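Just below is one structure, and these are the notes that go with it.
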Amino acid sequence: EKQIQIAIDGPAAAGKSTAAKLVAARLSYIYIDTGAMYRSITYKAIQSGINLEDGEALGRLLAKTDITLKQGEDGQSVFLDGVDVTDEIRKDEVTNNVSAVALHGEVRRDMTIRQQQLASKGGVVMDGRDIGTSVLPNAELKIFLLAGVEERAKRRHQENMKKGFSSDLENLKREIAARDRMDMERLESPLKKAKDAIEIDTTFMTIEQVVEEIMKNVQERI
Ligand code: C5P
């Protein structure tokens, strides 16, 4: 059986990581959450008091930063310079600043090289915003996952409540829309469907249906 690269892109909270993890598990592929990498450098920049508009300073910081994704039994953990930041990088302060960090060319170029190295090891499912368009332009399968902003905010809200986090639906809707806008409007590798990507609108689909749809496309390619 052929080992392929699977790129999964789309707007915030469209279910990319949930679907990507399940597909990777079914295939025994590695799963790479590129959003976690951008979140990690954002967290470090905030902690270090770096001006998030200063792309050069962010690039210098990233150059001396180690970001490691570790696959554990209960999901993936993210280590920043050896410290587990899995929970910290999901907090609002990071979520609401990550798009401002991710727009800098200095940051994107460094991240792209890291991600290409991680993907060179064989069967891989990588999720993000620019995987099919920029990081893995030759991926055998490209998926573009989307869903209405209302539905995405609702899913994230339910997730938050399950975890016992405070959550406000209207606020979430605004934050998700703002992040999408920044990700689509940036100059360097913006969020955009690759020409050869298969679009899946998950608004009225269950996660199982999304995984089945992706797996159907995988089967045609391996
Ligand atoms: O996927 P997640 O929501 O964790 O991504 C957080 C942010 O990281 C995105 O909103 C985007 O600004 C940035 N990102 C990116 N390119 C990627 C993955 C994430 O610019 N490949």
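The values are calculated or read from the model by the stated rules, or taken from the named source; none is laboratory data. Owing to the predicted nature of the structure, the values given are computational and were not obtained by experimental measurement. All Cβ positions, even for glycine, are placed from backbone atoms using ideal geometry, and neighbour counts span all protein chains on display.
Listed values, structure above:
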quantity	calculated
Subset tally (residues that are surrounded by 13 or more Cβ atoms within 10 Å (Cβ to Cβ), outside any helix (DSSP H, G or I) and aliphatic (A, V, I, L, M)) for the range 79-106	3
Unmet criterion (only one of (1) at pLDDT 95 or above; (2) hydrophobic (A, V, I, L, M, F, W, C); (3) more than 18 Å from Asp33 (Cα to Cα)) for Met126	(3)
Of all residues making up the range 30-54, the number that are in contact with a Leu (Cβ under 8 Å, 6 or more places away or on another chain), more than 21 Å from Asp9 (Cα to Cα) and touching a residue at least 40 places away in the same chain (Cβ under 8 Å)	4
Test for Gln76: is it within 16 Å of the ligand (Cβ to nearest atom), part of a strand (DSSP E or B) and either at pLDDT 95 or above or of a type outside the set (Phe, Trp, Tyr) (or both)	yes
Residue within the range 20-29 that is without any contact (Cβ under 8 Å) to a residue 24 or more places away in the chain and surrounded by fewer than 22 Cβ atoms within 10 Å (Cβ to Cβ) present	yes
Any hit, the range 57-69, residues being under 20 Å from Ile207 (Cβ atoms) and either touching a strand residue (DSSP E or B) at 6+ places or on another chain (Cβ under 8 Å) or part of a helix (DSSP H, G or I) (or both)	no
